[in-house]
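Notes to accompany the following structure.
Rule-based calculations on the coordinates, nothing more; no lab input. Computed from a predicted model, the values in this text were never measured in an experiment. Positions of Cβ are generated from backbone atoms using ideal geometry, with glycine treated the same way; all protein chains shown enter the neighbour counts.
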């Protein structure tokens, strides 16, 4: 500790925001007891100048402050702490302020990393670093309802459908001036990746999907008894009492999935706490509920701006985009059998990789194997 701080770490946090492609510097002062750096951000965190005009509701959120909590090194330098890239940016689209983490060489070809549920961009850390070393540039957005990403208007329906996630991704890369890109997705992100390949095939160079099989025409069919048992959390959210419990303890609900979707021994408490910060977004519960309830119940919220995309999705059965599917052989959420025998739905190159002993979070449980498979897929022409 530097002398005179009396146990309080004081530093400048630098956040580069990219609203409307205008990069501005946000200066904030963070006063946080060193012993509390891994705990939820206290109420006495102070924020100073905000020339970027980021809404106070985001700046003062505990998850945002936690993500930017000061860290002190032996050379008395103060640096912002982020998951893997060192840079968190925000860009405005038609309906969202999308926060994203960026890393790798700016001249590298883009790989869009889409996280799943319940997860956040930090889950891509180890995989992203290996892709950076191979020359790939990565962008990992916080999906709608997650972390600092926020809706611009209260009137916008909180829809969690795959077509909405796919359009968000297109809006992001359009705002960044990017035409073609590869997409890697896990869970919800995998659904969005497949959907991107269906709706915007001219934009997508390759798809890498983790832990979720392709669903032709985007159809949700009543599952087998075994898969229905694994989907208990979806049925739970379809009853009002279950929704009430979810509202009361969103983090506890997410934790159960982490504890039961993969073999025991993989869960890292620090990683879970860091990830769970993103679940404090005020729309996380609504987006989650809509994504699952709308699969099985009528009358859930919908946004008509996605009508045409949904119609197109329901017309397409086969993908032409080169696709890699990575399946954990011990996935206790989506049974490995769900991703078997789908070769006929791919007119382009398709490969399914089965990872022994790995559950529903391959990128976290086996990052080396996942990064190797993804890089090989990206590099194959």
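Were the residues from residue 152 through residue 219 laid out at 0.36 nm apart, the gain over their Cα-Cα distance would be 21.1 nm.
Each peptide in 147-155, 328-336, 133-141 was scored by the mean count of other Cβ atoms within 10 Å over its residues; highest first, the order is 133-141, 328-336, 147-155. Distance between the 7 Å Cα→Cβ label points at residue 107 and residue 379: 1.9 nm. Each principal axis of the Cα cloud of the stretch 79-180 was evaluated for its coordinate range; sorted largest first, these ranges are 42, 28, 25 Å. Here the ratio of the Cα radius of gyration of the stretch 145-299 to 2.2 N^0.38 Å is 1.10. Ranked by the mean number of other Cβ atoms within 10 Å of their residues, highest first, the peptides 245-252, 191-198, 287-294 fall in the order 191-198, 287-294, 245-252. In terms of packing, defined here as the mean over residues of other Cβ atoms within 10 angstrom, the peptides 156-169, 218-231, 351-364 line up highest first as 156-169, 351-364, 218-231.
Normalised Debye scattering of the stretch 282-332 at q = 0.23 Å⁻¹ gives log10 I(q)/I(0) of -1.01, counting only Cα atoms as equal scatterers and leaving out solvent. Could you give the Stokes-Einstein D for the stretch 218-360 in µm² per second, using the C-alpha Kirkwood radius, 4 °C, 1.567 mPa s? Stokes-Einstein gives a translational diffusion coefficient of 74 µm²/s. Rg then Dmax, both in Å and based on the Cα atoms of the stretch 149-196: 11.6, 32.
Each of residue 372 and residue 238 was given a label point 7 Å from its Cα along the Cα-to-Cβ line. The distance between the two points is 4.1 nm. Kirkwood hydrodynamic radius computed over the stretch 281-381 comes to 16.5 Å, based on all pairs of distinct alpha carbons. Normalising by residue count, the stretch 256-308 has a Cα convex hull of 133 Å³ per residue.
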